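Novice: Have a look at this one before I ask anything.
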Ligand code: CS2
């Protein structure tokens with residue numbers, strides 16, 4: 001982010017200036033000097049700052065929870081700006097919560113009390129992980145951080161950083177390298193293990209973290225791997241809160257409304273959900289006191305969220321990008337897109353979901369549309385479409401596969417896959433505006449998609465994403481028609497959507 005000129009006139013957010021803030025800002029009322037970091041969090045992105053850190057911020061207002069503050073860890077050099085900003089602000093940041101009806105809640109979050117930039121301080125990170133106060137190591141490292149091989153779903157030993165970490169256990173680079181080193185130090189010191197708590201938007205996130213960590217640790221030290229298997233808990237959880245990328249307008253809101261200079265505020269929607277399996281190795285905060293829900297089995301909650309919310313985002317993201325929309329609210333406020341989204345959710349996803357105690361699926365979908373329509377959350381389609389290669393197999397292709405296996409129609413989702421091909425091939429929308437595409441597989445996607453003119457199914461040859469979809473006739477017929485329509489002269493995504501709906 002750039003530093004704007006209003007910065008010089010306003011007071012900088014920090015522990016001292018906290019006392020001067022207007023009363024309409026909800027500031028930490030607890031004594032931050034008494035807090036201890038019971039949680040070390042790796043990957044302090046916007047989502048963490050709008051979700052887990054906010055639950056902890058609320059919990060810290062209840063006496064007896066001061067051992068549950070957070071120490072952030074940034075693994076990469078590109079976390080340096082965040083590191084510097086947080087240090088200058090005494091790890092405080094503002095949270096601007098925007099309700100669908102226009103109401104805005106302004107908060108300052110105080111649950112983070114330290115941040116370590118790992119590339120500068122490898123041993124400090126390991127020592128922090130091995131500190132007796134550390135009871136939980138939580139993660140938002142994105143799907144890519146779990147190091148799954150795209151084709152096999154197994155641990156990817158070809159990753160250069162992983163190879164480095166196996167050879168240099170005391171100078172790690174990856175989350176797995178650090179966690180293993182921290183656990184080894186704890187084991188040697190006779191300290192109990194911490195819990196590894198994934199907060200990533202991945203189904204069975206705890207089980208995935210466990211499988212990957214054990215595979216990695218076994219390669220380094222089989223005894224340690226066994227100790228981890230016996231002592232570390234990896235709770236699964238479903239996490240949810242829409243958190244757009246911070247813009248200069250968000251900084252300007254804080255600066256102009258409160259004369260407060262926060263170099264990295266976070267904006268999010270008012271809705272938040274966290275459903276957690278109650279499985280911890282070394283104690284846990286009472287998150288249930290501040291809105292989280294403990295359950296025995298999170299599986300149906302994860303499936304509902306990923307297949308409706310995240311897939312719904314991708315449907316709007318890809319179709320809306322091709323049409324020339326820029327944000328989710330703009331796209332869903334167009335009734336053609338809203339209708340398409342609702343039909344996709346009702347006809348192609350709902351039949352695959354289990355009924356859940358206490359959750360009315362119709363209401364859940366209504367709420368989703370309301371959340372997507374929030375005119376105060378400018379969630380960019382480029383954020384939604386970023387890393388589609390990591391997202392779509394879980395969000396959308398899984399739904400298509402289940403529908404095909406049950407002999408059910410999936411035309412609405414199949415059009416989205418064909419649109420992804422067009423998007424990756426042309427890289428402009430139908431108004432000829434260049435698309436901002438960010439994807440680790442960007443060149444591969446483009447290479448395959450650009451063969452479409454010679455072979456309609458070329459895009460589907462990326463086996464790691466599509467498996468054998470193209471070999472299934474019930475899929476390929478519909479996909480071929482979608483490609484024909486999308487690639488025809490003067491094609492218009494809205495008319496194609498309407499035809500697919502009819
Ligand atoms: C989005 C998610 O990245 C995406 O495609 O669908 O980031 C979504 O906003 C969150 O999962 C909401 O909890």
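Read-outs: derived from the displayed coordinates by stated rules, not from any lab. Values in this document were obtained by computation on a predicted structure and should not be read as measured data. Methodologically, a virtual Cβ is constructed for each residue, glycine included, from the backbone with ideal geometry; neighbour enumeration extends over all protein chains shown.
Novice: Assuming R0 = 51 Å, can you tell me the calculated FRET efficiency for the pair residue 14 and residue 156, based on Cβ-Cβ distance, to the nearest 0.05? Kindly include the intermediate steps, with their values, before the conclusion.
Specialist: Values: r = 41 Å, r/R0 = 0.81.
Using R0 = 51 Å, I get an efficiency of 0.80.
Novice: Only Cα pairs under 8 Å and at least 6 apart count here; give the relative contact order of the range 181-226 as a rounded whole percent. Write down the numbers at each step before the final one.
Specialist: Values: 21 pairs, mean separation 10.1, N = 46.
Value for the range 181-226: 22 percent.
Novice: Between the range 470-502 and the range 142-185, what is the C-alpha centre distance in whole Å?
Specialist: Comparing the Cα centres of the range 470-502 and the range 142-185, I get a distance of 41 Å.
Novice: How would the range 361-502 be classified by its alpha-carbon gyration tensor: rounded, prolate or oblate, with rounded meaning a/c under 1.5 and the a/b versus b/c comparison settling the rest?
Specialist: Working: a/c = 1.40, a/b = 1.14, b/c = 1.23.
Rounded is the answer for the range 361-502, as its axis ratio a/c remains below 1.5.
Novice: I've got another one for you. In nanometres, what is the gap between the two model label sites at residue 362 and residue 81, each 7 Å from Cα along Cα-to-Cβ?
Specialist: So the two model labels end up 4.7 nm from each other.
Novice: Please determine, in degrees from 0 to 90 and to the nearest 10, the orientation of helix 473-487 with respect to the longest principal axis defined by the Cα atoms of the chain, where the helix direction is its Cα long axis.
Specialist: Approximately 90 degrees, to the nearest 10.
Novice: For residue 33 and residue 494, FRET efficiency with R0 = 51 Å and r from the beta-carbon atoms, rounded to 0.05?
Specialist: Working: r = 58 Å, r/R0 = 1.13.
Approximately 0.30, to the nearest 0.05.
Novice: What does DSSP give for the chain in terms of the percent of beta bridges that are antiparallel, rounded to the nearest 5?
Specialist: On the way: 14 of 43 bridges.
So the antiparallel bridges in the chain amount to around 35 percent.
Novice: Another question, if that's okay. So what's the back-of-envelope 222 nm ellipticity for the chain, counting only DSSP H runs of four-plus at -39500 (n - 2.57) apiece and dividing by all residues, rounded to 500? Present the calculation step by step, with values, prior to reporting the outcome.
Specialist: Details: 22 runs with 206 residues, N = 502.
Computed mean residue ellipticity for the chain: -12000 deg cm²/dmol.
Novice: Additional query: Rounded to the nearest 10 degrees, what's the angle between the helix 361-373 long axis and the longest principal axis of the chain, both from Cα atoms, 0 to 90?
Specialist: On a 0 to 90 degree scale, this one is about 80.
Novice: Pop the C-beta distance of residue 464 and residue 101 into the FRET formula with R0 = 25 Å and round what comes out to the nearest 0.05. Mind showing how you got there, number by number?
Specialist: On the way: r = 43 Å, r/R0 = 1.73.
With R0 = 25 Å, the Cβ-Cβ based efficiency is 0.05.
Novice: 7 Å from Cα along Cα→Cβ at both residue 189 and residue 289: what's the point-to-point distance in nm?
Specialist: So the two model labels end up 2.7 nm from each other.
Novice: Between helix 205-220 and the chain, what is the angle of the helix's C-alpha long axis to the longest principal axis, kept within 0 to 90° and rounded to the nearest 10?
Specialist: Value to nearest ten degrees: 70.
Novice: Label residue 435 and residue 336 with points 7 Å out from Cα along Cα→Cβ: what is the distance between them in nm?
Specialist: So the two model labels end up 1.7 nm from each other.
Novice: Which of rounded, prolate or oblate describes the range 145-271 when judged by the alpha-carbon gyration tensor and an a/c cut-off of 1.5? Working shown, then result.
Specialist: On the way: a/c = 2.20, a/b = 2.07, b/c = 1.06.
Prolate, since a/c reaches 1.5 and a/b exceeds b/c.
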